[in-house]
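*Asks:* This structure is in structure tokens; I'll ask about it shortly.
Every number here is computed from the coordinates shown, using simple stated rules; none is lab data. Since this is a predicted model, take the numbers as computed values, not measurements. Neighbour counts run over all protein chains shown; Cβ positions are idealised from the backbone, glycine included.
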Amino acid sequence: MKPPWKFLTLADQLLIACLALLGVLGLAWSLSAPRGQRVMVSVSDRLVYLGSLDKEDMVELSGPVGKTVLTVDHQGARITAAPCPLKVCMTMGPAVQQGDILACVPNRVLVEIEGGASQPADYDLLSH
Amino acid sequence: MFWNRPLALFLLAFVAILAWWQSRPSDQVLHRTQFLMGTIVEVKAFASSSAGLDAAMDAAFAEMARLDQLLSRYQRGSDVERINNAEASIDVAPETEAVLRLGLDVSKKSQGAFDLSLGRLKKLWGFDQEHPHVPSSEAVHEALKGIGPEALDLVGSQLRKRHPDLSVDFGGIAKGYIVDQAIDVLKRHGVESASVNAGGDMYLLGYHQDRPWRIGIQHPRHPNQALDILTVHDRAVVTSGDYEQFFVEDGTRYHHLLDPQTGYPAGSSQSVTVVADSVALADALATALFVLGPDKGRGMLASYPDAVALWVDAAGQLLASEGFNAYRLDP
């Protein structure tokens with residue numbers, strides 16, 4: 001009895017080889033897509049910090065009313081100290097996903113998460 | 001023959017479809033954030049081509065900055081500053097006239113639950129200052145003198161304060177009006193799908209790519225939880241809650257949504273979410289309905305048939321107005 005590949009013509013073999021090549025190229029393309037996520041911080045609309053979300057860090061950010069402290073750890077990027085009276089930014093929780101933002105409005109500090117693929121969220125925007 | 005083989009044809013067709021799917025043009029997305037109006041303004045716009053999207057975004061932010069200069073009480077030379085300093089009637093800009101006209105309408109229909117003339121009272125509490133505090137009852141009483149739906153007369157573009165020392169504050173409406181104008185600018189630039197979000201006051205233009213926008217409503221007592229999820233397009237969504245600005249004094253929590261009847265924080269709601277045709281209307285209604293609470297608020301909402309609301313009352317119970325469920329992701 002002949003083995004199965006003996007039933008393939010040259011054209012069949014070419015087709016299979018092309019499909020396999022396409023598969024390998026597709027895999028390589030998907031692996032080369034950007035995976036890292038960045039923490040981008042601006043104070044008074046000026047970029048002052050750009051770091052990886054995967055790297056633990058603590059940054060003091062000087063703004064018009066004092067120092068805001070940004071902590072980057074396994075939870076994400078969080079504001080852990082703020083000079084403003086209401087400290088709303090400290091209650092915002094961690095920013096993790098692409099597009100997440102934290103803001104200390106009185107101190108004009110804006111923290112944004114950029115790069116990498118965002119997880120599908122339950123909603124696009126939060127009304128608060 | 002090779003081309004007669006169904007398997008080969010199927011595989012080729014499959015590869016061709018995959019290649020088309022990967023190469024089809026996807027929507028361009030432009031996302032920009034900026035400090036404006038004392039908050040963070042986020043604009044996200046979708047288009048099949050990036051041509052013109054940048055210019056549309058520039059124009060929208062420029063318009064918001066221009067209107068902020070005109071309508072903010074913190075900006076020197078703004079119409080609000082001019083009104084507050086005026087002793088006789090004054091001529092206001094068309095944009096200020098539009099804000100006043102809508103604000104006075106909501107004020108009258110809510111029987112003063114929404115009030116444009118609370119400038120002195122808000123300054124007294126100092127929620128936007130470094131040290132907010134509970135004012136004396138005498139000071140509150142004094143700040144309430146002359147306020148109310150009849151405190152301002154608007155005839156054409158002429159505004160007259162009934163008491164010269166009245167102070168206006170557009171805090172509960174101007175942000176919404178400015179977002180509406182930004183949306184108009186984006187539309188004029190051909191943008192059909194975008195969101196403009198000014199600290200939670202938002203308008204959702206068109207669709208979020210291939211589906212309506214999904215808008216979470218913040219739980220008033222659990223900051224990281226969404227209370228509900230709405231699906232909307234071409235609508236404004238605004239939430240007013242007692243958790244946004246507050247301070248604690250002598251063990252009591254005081255929030256920034258003041259009841260013009262008493263001069264103290266309103267106590268019948270934890271939050272109110274309004275869905276309406278314009279952000280200015282949703283903004284003003286959210287404040288009025290928060291102060292009124294669900295029982296009185298439902299009656300007042302009947303004056304605005306295109307607007308719907310969801311209350312979280314003082315006890316934490318959810319109460320929706322008629323028609324609200326149509327916007328819920330899971331009715």
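*Asks:* Taking Cα pairs under 8 Å and at least six residues apart, what relative contact order does segment B:144-207 come out at, in percent?
*Replies:* Across segment B:144-207, relative contact order equals 21 percent.
*Asks:* Now, a different point. How far apart, in nm, are two points set 7 Å out from the Cα along the Cα-to-Cβ line at residue B:188 and at residue B:261?
*Replies:* Each label point lies 7 Å from its Cα, and together they span 4.2 nm.
*Asks:* Also: At a Förster radius of 30 Å, what calculated FRET efficiency corresponds to the Cβ-Cβ distance of residue B:248 and residue B:138, to the nearest 0.05?
*Replies:* In this case the efficiency is close to 0.85.
*Asks:* May I ask you to compute the full-extension gain from residue B:153 to residue B:59, defined as 0.36 nm times their residue separation minus their alpha-carbon distance, rounded to one decimal in nm?
*Replies:* Length gained between residue B:153 and residue B:59: 30.5 nm.
*Asks:* If I histogram all Cα-Cα distances within segment A:38-114 using bins 10 Å wide from 0, what percent of pairs lands in each bin?
*Replies:* In whole percents, the pair-distance histogram is 22, 61, 17, 0.
*Asks:* So, one more: So what are the ³J(HN,Hα) numbers for segment A:51-60, from phi and the Karplus equation (6.51, -1.76, 1.60; θ = phi - 60°), rounded to whole Hz, Gly and Pro as x?
*Replies:* Per-residue couplings from phi come out as x, 7, 6, 7, 10, 5, 7, 9, 10, 9 Hz.
*Asks:* Which whole-number percent gives the relative contact order of segment B:86-161, counting Cα pairs below 8 Å spaced six or more residues apart?
*Replies:* So the answer I get is 44 percent.
*Asks:* For the residue pair residue A:20 and residue A:81, what label-to-label distance in nm results when each label sits 7 Å from Cα along the Cα-to-beta-carbon direction?
*Replies:* Rounded to a tenth, the inter-label distance reads 6.1 nm.
*Asks:* Let me ask something additional. Mind checking the full-extension length gain between residue A:101 and residue A:74? Use 0.36 nm per residue of separation minus the Cα-Cα distance, one decimal, nm.
*Replies:* Residue separation times 0.36 nm, minus the Cα-Cα distance, leaves 8.0 nm.
*Asks:* Kindly flag which residue pairs out of A:87/B:145; B:44/B:161; B:145/B:187; A:67/B:175 have an alpha-carbon separation exceeding 31 Å in this structure.
*Replies:* The answer is A:87/B:145; B:44/B:161; B:145/B:187.
*Asks:* While we're on this one: Show that you can apply the helix-only estimate: for the protein assembly as shown, add -39,500 (n - 2.57) for every DSSP H stretch of four or more residues, divide by all residues, and state [θ] at 222 nm to the nearest 500.
*Replies:* Counting only the DSSP helices, I get -9500 deg cm²/dmol.
*Asks:* Could you list the GluC sites (Glu not before Pro) in segment B:66-150 that lie in coil according to DSSP, counting only those with at most 12 other Cβ atoms within 10 Å of their Cβ?
*Replies:* Answer in residue order: B:87, B:130.
*Asks:* So, in nm, how far is label residue B:29 from label residue B:315 when the simple model puts each one 7 Å beyond its Cα toward the Cβ?
*Replies:* 4.2
*Asks:* Determine the relative contact order of chain B: mean sequence separation of Cα pairs under 8 Å and six or more apart, normalised by residue count, in whole percent.
*Replies:* Relative contact order comes out at 16 percent.
*Asks:* Only residues of segment B:43-61 count here: report those whose backbone N is under 19 Å from the spot 7 Å along Cα→Cβ of residue B:233, or say none.
*Replies:* Residues B:44-49 qualify, since their backbone N sits under 19 Å from the label point.
*Asks:* Between residue B:322 and residue A:58, what's the calculated FRET efficiency when r is the beta-carbon distance and R0 is 60 Å? Round to 0.05.
*Replies:* After rounding to 0.05, the efficiency reads 0.75.
*Asks:* Roughly how tilted is helix B:53-71, in degrees to the nearest 10 and between 0 and 90, from the longest Cα axis of chain B?
*Replies:* That works out to roughly 10 degrees.
*Asks:* Okay, next question. Mind listing the phi-derived Karplus ³J(HN,Hα) values for segment B:121-137, rounded to whole Hz, using 6.51, -1.76 and 1.60 with θ = phi - 60°, and x for any glycine or proline?
*Replies:* Residue by residue, segment B:121-137 yields 5, 5, 5, 4, 6, x, 4, 9, 10, 5, 10, x, 7, 7, x, 5, 5 Hz.
*Asks:* In the protein assembly as shown, which cysteines lack any other cysteine Cβ under 4.7 Å from their own?
*Replies:* A:18, A:84
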